[in-house]
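Contents: one structure, followed by commentary.
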Protein chains: 2
Amino acid sequence: MALEHAILVSLLEQPGSGYELARRFERSIGYFWTATHQQIYRVLKRMESDGLLDVRDVPQERRPDKKEYSVAGPGRTALSGWLHEPIEPESLRHDLAVKIRGAAFDDPAALLDEVERHHRVHSDRLAHYLAGELRDFTGPGALGPLDAGQELQHVVLRGGIAYERMTVAWLDDVLTTLHRLGAADPRI
Amino acid sequence: MALEHAILVSLLEQPGSGYELARRFERSIGYFWTATHQQIYRVLKRMESDGLLDVRDVPQERRPDKKEYSVAGPGRTALSGWLHEPIEPESLRHDLAVKIRGAAFDDPAALLDEVERHHRVHSDRLAHYLAGELRDFTGPGALGPLDAGQELQHVVLRGGIAYERMTVAWLDDVLTTLHRLGAADPRI
DNA sequence: TCGTTCTATGCAACTGGTTGCATAGCAAGT
DNA sequence: ACTTGCTATGCAACCAGTTGCATAGAACGA
């Protein structure tokens, strides 16, 4: 279960509450792992009772109190153990590809709107990643010489950028193909 | 649940048994959707009892009998309905990226073997996809003018190729980064 | 004849993750 | 006063998918 490990990494980078983790999973960590707040709260509770995490009640002004989690010794050990285990290279699960092949048995042109919508989402993500890279790594106000952790964060971000760039280019290809099929189809 | 829809598409392209579907999910369809045989058998059974599929007992010589499934009318309707519904652009779940960020809290160089292994797997997949493209679409013995279904299969395959190419290039980047960090680290 | 491999199907138990709902403090606007 | 919105946490029910195991016919080689 990689969610545990993603949480360990995130809490090592910066301790925080379940709520804060959920927001990180919509941002940086979430670029390559997603989780809902319910799932996060449940896993945090289990990890704490397994001794992987420490909790601390933090009273706050102007907002409800929170529980701040941080990684305990056994949590670090567990992460280290996982890092040394091999994992399976993951396989894609790409709904849109299923749809595109399915369109052969329906009207291909009906997919145009859907593909354009996905194109916009991925273009936006790409722009967002590039802005983050500029801010943190390559821009004028960016960090100076990077430590290992920052280098690794950057190479992961470059992976996200490469993925979104590739996806946008492929969706262009899909759109061209759909238009070509539509032009050849007198129904359109 | 996209497994149902992936099965509908696959059975429309070619009727077959659960066993045959499981093998297709290791090949063409499996490039962008995976499923185990247990999951496939269970879903087939449900889809059949829901009236989406027809079954036919096929006695075979030299091997056990099989049940051949094909798409029934309501199955086609269900697929068509799904094709016209919008779906969420999917987000990545990339264990290796979690590991790479986690390596900052362990020994980055220890990841080299793992990353190289993933690199080999993705290079192999790329070669496999390219061979399939040459055989079916771009080579001398390939199909002549393509119909819409074949065009769509090709554009999905091009997506797989683009994904694997991008991944291999990114893993090169990761390896370079890990080597750089290792060289700067007196432990190595 | 015995083990292995391939085709072919399936059950049971479990895990991970989603969805829907609920609660509560506090701030800011209308 | 009322609503909206953000922070913050959680339960319960459900669903999808994995893992481990089991069965069985047939081919094939040692």
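The values are calculated or read from the model by the stated rules, or taken from the named source; none is laboratory data. For clarity, every value in this text was computed on a predicted model and none was experimentally measured. Neighbour counts run over all protein chains shown; Cβ positions are idealised from the backbone, glycine included. SASA here: full protein model, heavy atoms, side chains in, ligands and nucleic acids out. Shrake-Rupley method; radii C 1.70, N 1.55, O 1.52, S 1.80 Å.
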Filter the range A:88-120 for residues that are over 22 Å from B:GLU4 (Cβ atoms) and basic (Lys, Arg); the one that is least open to solvent (accessible area, probe 1.4 Å) is A:ARG117
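For (1) among the basic types (Lys, Arg); (2) away from DNA strand C (no atom under 12 Å from the Cβ), each residue gets a yes or a no:
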site: B:ALA6; (1), (2): no, yes
site: B:LEU11; (1), (2): no, yes
site: B:GLN14; (1), (2): no, yes
site: B:GLY18; (1), (2): no, no
site: B:LEU52; (1), (2): no, yes
site: B:VAL58; (1), (2): no, no
site: B:LYS66; (1), (2): yes, no
Flagged in the range A:26-55 as more than 10 Å from DNA strand D (Cβ to nearest atom) and open to solvent by 100 Å² or more (accessible area, probe 1.4 Å), in numbering order, are A:GLU26, A:ARG27
Going through (1) part of a loop (DSSP other than H, G, I, E, B); (2) touching a residue at least 40 places away in the same chain (Cβ under 8 Å) one by one, B:LEU79 fails only at (1)
(1) open to solvent by less than 80 Å² (accessible area, probe 1.4 Å); (2) closer than 19 Å to A:LEU3 by Cα; (3) at pLDDT below 95; (4) among the acidic types (Asp, Glu) all hold for A:GLU85 apart from (1)
Scanning the range B:97-120 residue by residue, those aliphatic (A, V, I, L, M) and either within 22 Å of A:GLY160 (Cβ to Cβ) or facing chain A (nearest Cβ under 8 Å) (or both) turn out to be B:ALA97, B:VAL98, B:ILE100, B:ALA103, B:ALA104, B:ALA110, B:LEU111, B:LEU112, B:VAL115
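So that you can scan it fast, the table gives a plain yes or no per residue for (1) in a helix (DSSP H, G or I); (2) touching a residue at least 60 places away in the same chain (Cβ under 8 Å); (3) more than 7 Å from chain B (Cβ to nearest Cβ); (4) open to solvent by 40 Å² or more (accessible area, probe 1.4 Å):
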site	(1), (2), (3), (4)
A:HIS122	yes, no, no, no
A:LEU126	yes, no, yes, no
A:PRO145	no, no, yes, yes
A:GLU164	yes, no, yes, no
A:ASP173	yes, no, no, yes
Flagged pairs (Cβ under 6 angstrom, 6 or more apart or on separate chains; first in the range B:12-31, away from every other protein chain (no Cβ under 12 Å); second open to solvent by less than 60 Å² (accessible area, probe 1.4 Å) and among the hydrophobic types (A, V, I, L, M, F, W, C)) are B:GLY18/B:ILE40; B:GLY18/B:LEU44; B:LEU21/B:ILE40; B:ALA22/B:ILE40
